[in-house]
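The values are calculated or read from the model by the stated rules, or taken from the named source; none is laboratory data. Quantities reported herein were computed from a predicted structural model and do not represent experimental measurements. Don't worry about glycine lacking a Cβ; one is built from the backbone with ideal geometry, like all the others, and counts go over all protein chains shown. Accessible surface is based on the protein model in full, side chains and every heavy atom, while ligands, DNA and RNA are left aside. Shrake-Rupley method; radii C 1.70, N 1.55, O 1.52, S 1.80 Å.
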Amino acid sequence: MAARAQSTTPVRKVPIHLQSAQNRLLIKNGKVVNGDGIQDADVYIEEGIIKQVGNNLIVPGGSRVIDARGKYVIPGGIDTHTHLQLPFMGTTTADDFYTGTRAALAGGTTTIIDFAIPSKGQSLVEAYKQWRERADDKVACDYALHVAVTWWSPEVQAEMEELCRDHGVNSFKMFMAYKDLWQLSDTELFEAFEKCKELGAVAQVHAENGDIIKENCKKLLAAGVTGPEGHEMSRPEEVEAEAVNRACVLANQVNCPLYVVHVMSKSAGEVVAEKRRQGIVVYGEPIAASLATDGKHYWNSCWRHAAAHVMGPPLRPDSTTPDYLMDLLANDDLQLTGTDHCTFSSAQKEIGKGDFTKIPNGVNGVEERMSLIWEKGVVSGKMDPARFVAVTSMNAAKIFNMYPKKGCIAVGSDADIVIWDPKLEHTISAATHHSAVDFNIFEGITCRGGPEYVIANGRVTVDEGQVKAVQGYGSFIPTAPFAPFVYDAVTEREKVHQLIKVEREGRIVAVRNAVVPVVPPATSNGEALELNLSSVNGVEEVVAAADHHFAAHQHFTRPPTSSGGRNMQDTTFSLSAEYPNPADESDNKRSTIRVKAPPGGHSTGLW
């Protein structure tokens, strides 16, 4: 990862007429890696677009040439989960859209997807426009937006449709936590999933049981647990796993594609993996933090250190969690990676000193993600470079319908490219990172592999390790609904799981409050059974003589025992066809079923 730039003053956007020297670029002798394989090839870029991929390319004179011998040429990373310039818990994140995207570029990420989060009752479209205003003039790389659904009404549904149709949004995030702030009820979740399915959008969930968390927080504070350790204790692993399972069940009822953000625990990852094996269309997103560190930090004796790791859902104390989640990621039980980059300074975190529920939730990761996944995934032998590309860019591009514009190196794709040096070794530190925050949760981790060059839209933004980010150089990327990668799977499921009623022959008749089909059978001599039928509201009713026998028998019970107790041998069942008072038969006409010459001979019984 590149060293900290000498100055933090933003570099202003370069006028088009001064960019001509960087408009043509040839990358030679590298190994081009896409999510489906590796090839030895050169790449020629012009006007921000990949024009040629192959060998012995013929290119215009004056093109800049970068020798990538011994290095990988990979698509720029896509971070699916950032919170830049976010007002949250009484403060605003340390990283704005310039410092956050500068840090992203330094680590090899060329596209981020941030979240527009309206306050409860606020217009979704209004929130979207606020985020565009914050970002457009600051972003140093391309970005897209998810929009959060923090309340529910017919107006919200209408605005979701508008955002998909007119504003390039194809994903909506629902919260199952943050009760009394953003949390939706199960009924609202169900309806939101229905709406996402109708619009061709991806439904995202922050999966934790907010009701349990609220009660746990009360108990812990009452017991005197006020430090950062209370944060993890209030929302243990099972609280996350339960919510993931519930979200999968709800989404599956309407066949809505589900995306679980920040998978933080082994059990939550297992739920996603199991639901995918059942055929449910669900995607799991572990983040840099859950893949590279653990929650033992919450018990650190230094309050500042412990608080710096507070995020929701929390990191897990089980030290085997990162390796386990990396295994799931390598095997496609989990599909892609984000960071939940949401940074707060040490001073901002101190808002929660004395009450862990007030510590602003969030950690860093946008700069470190690519190197950490390479170190923990590729260097460890869990995945190959192609899988690395799949989980850091390609799958994200496919799920959010940016592919093949983003997420691959192919003719016609955006020239978002990283020249990755597998031998580049660096140690992560707050002293050298490019984020505006004063703490790094990955402090001291050494990574083998990192970006030597980063090219965003054809412009070299990291040049031999030196960051040359330009404020405002990035653009908003609209994302269309009905991403084929997602909705082709949804369509196939609908073909398999069609709702098909059972067709039955005969008339529908009611027998003692039950509706059943009846087809009168023929007798042995061909005569039909005789039925007494009456019609009620178009449904024919059969009243069997046996019912009258049953009703009459209920009036007669055995005498009491010799000791005066109830006779337990009494029953309403009788094999006799006779009534207790046959004389009453002449006075009470009843509907009957009379059987003439049934198979097997005559019978005097009523059945």
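Data for the structure
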quantity: Unmet requirement for Ser435, which otherwise passes all of (1) open to solvent by 10 Å² or more (accessible area, probe 1.4 Å); (2) within 31 Å of the chain's Cα centre (by Cα); (3) of a type in the set (Gly, Ala, Ser); calculated: (1)
quantity: Members of the stretch 410-429 that are of a type in the set (A, V, I, L, M), crowded, with 17+ Cβ neighbours inside 10 Å and not in a strand (DSSP E or B); calculated: Ala415, Ile428
quantity: Boolean, Ile78 is in contact (Cβ under 8 Å) with a residue 12 or more places away in the chain and under 34 Å from the mean Cα position of the chain (by Cα); calculated: yes
quantity: Verdict on Ala201 being crowded, with 24+ Cβ neighbours inside 10 Å, in contact (Cβ under 8 Å) with a residue 60 or more places away in the chain and either among the hydroxyl-bearing types (Ser, Thr, Tyr) or farther than 20 Å from Val486 by Cα (or both); calculated: no
quantity: Helices (runs of 4 or more DSSP H) fully within the stretch 284-391 counting 2 or more residues that are crowded, with 24+ Cβ neighbours inside 10 Å, without any contact (Cβ under 8 Å) to a residue 24 or more places away in the chain and among the aromatic types (Phe, Trp, Tyr); calculated: none
quantity: Leading residue by the ranking (nearest to Phe172 (Cα to Cα)) among those in the stretch 453-481 that are among the polar types (S, T, N, Q) and touching a helix residue (DSSP H, G or I) at 6+ places or on another chain (Cβ under 7 Å); calculated: Gln471
quantity: Residue tally, condition in contact (Cβ under 8 Å) with a residue 24 or more places away in the chain and either crowded, with 17+ Cβ neighbours inside 10 Å or polar (S, T, N, Q) (or both), over the stretch 274-283; calculated: 6
quantity: Evaluation of Pro286 against (1) at positive phi; (2) touching a His at 6+ places or on another chain (Cβ under 8 Å) (one fails), failing number; calculated: (1)
quantity: Exclusive hit being among the hydroxyl-bearing types (Ser, Thr, Tyr) and either free of Cβ contacts under 8 Å to residues at least 60 places away in the same chain or more than 24 Å from Ala127 (Cα to Cα) (or both), set Ser185, Ser171; calculated: Ser185
quantity: Filtered residues of the stretch 132-168 (kept if without any contact (Cβ under 8 Å) to a residue 40 or more places away in the chain and more than 18 Å from Ala203 (Cβ to Cβ)); calculated: Glu133, Pro154, Glu155, Asp166
quantity: Qualifying residues in the stretch 392-409 (those that are open to solvent by 10 Å² or more (accessible area, probe 1.4 Å) and of a type in the set (S, T, N, Q)) - the one farthest from Thr109 (Cα to Cα); calculated: Asn401
quantity: Number of the exception - Val496 against (1) hydrophobic (A, V, I, L, M, F, W, C); (2) modelled with pLDDT under 95; (3) under 25 Å from Ala103 (Cα atoms); calculated: (3)
quantity: Filter result for Pro484 (out of contact with any Lys or Arg (no Cβ under 7 Å at 6 or more places or on another chain), within 30 Å of Ser171 (Cβ to Cβ) and open to solvent by 40 Å² or more (accessible area, probe 1.4 Å)); calculated: yes
quantity: Gly450 open to solvent by less than 10 Å² (accessible area, probe 1.4 Å), within 30 Å of Asp488 (Cα to Cα) and touching a helix residue (DSSP H, G or I) at 6+ places or on another chain (Cβ under 8 Å); calculated: no
quantity: Subset of the stretch 96-136 that is in a helix (DSSP H, G or I) and under 22 Å from Pro404 (Cβ atoms) - its residue that is nearest to the chain's Cα centre (by Cα); calculated: Ala104
quantity: Selection status of Asp186, on the phi > 0 side of the Ramachandran plot and open to solvent by 10 Å² or more (accessible area, probe 1.4 Å); calculated: no
quantity: Test: Ala241 is at pLDDT 95 or above and touching a helix residue (DSSP H, G or I) at 6+ places or on another chain (Cβ under 7 Å); calculated: yes
quantity: Any hit, the stretch 418-426, residues being under 29 Å from the mean Cα position of the chain (by Cα) and within 29 Å of His146 (Cβ to Cβ); calculated: yes
quantity: Residues satisfying the stated conditions in the stretch 65-95, i.e. part of a strand (DSSP E or B) and either within 17 Å of Ala347 (Cβ to Cβ) or hydroxyl-bearing (Ser, Thr, Tyr) (or both); calculated: Tyr72, Thr80, Thr82, Pro87, Phe88, Thr91, Thr92
quantity: Which listed residue is aliphatic (A, V, I, L, M) and surrounded by fewer than 17 Cβ atoms within 10 Å (Cβ to Cβ), from Ala144, Ala140, Ala158; calculated: Ala158
quantity: Condition met for Val139 (in contact with a Gly (Cβ under 8 Å, 6 or more places away or on another chain), modelled with pLDDT of 95 or more and not in a strand (DSSP E or B)); calculated: yes
quantity: Qualifying position, being touching a strand residue (DSSP E or B) at 6+ places or on another chain (Cβ under 6 Å) and open to solvent by less than 50 Å² (accessible area, probe 1.4 Å), among Leu258, Leu250; calculated: Leu258
quantity: Residue ID - least open to solvent (accessible area, probe 1.4 Å), chosen from residues in the stretch 213-234 that are within 17 Å of Leu181 (Cα to Cα) and out of contact with any Lys or Arg (no Cβ under 8 Å at 6 or more places or on another chain); calculated: Cys217
quantity: Qualifying residue in the stretch 164-184 (condition: assigned to a loop (DSSP other than H, G, I, E, B) and of a type in the set (Lys, Arg)); calculated: yes
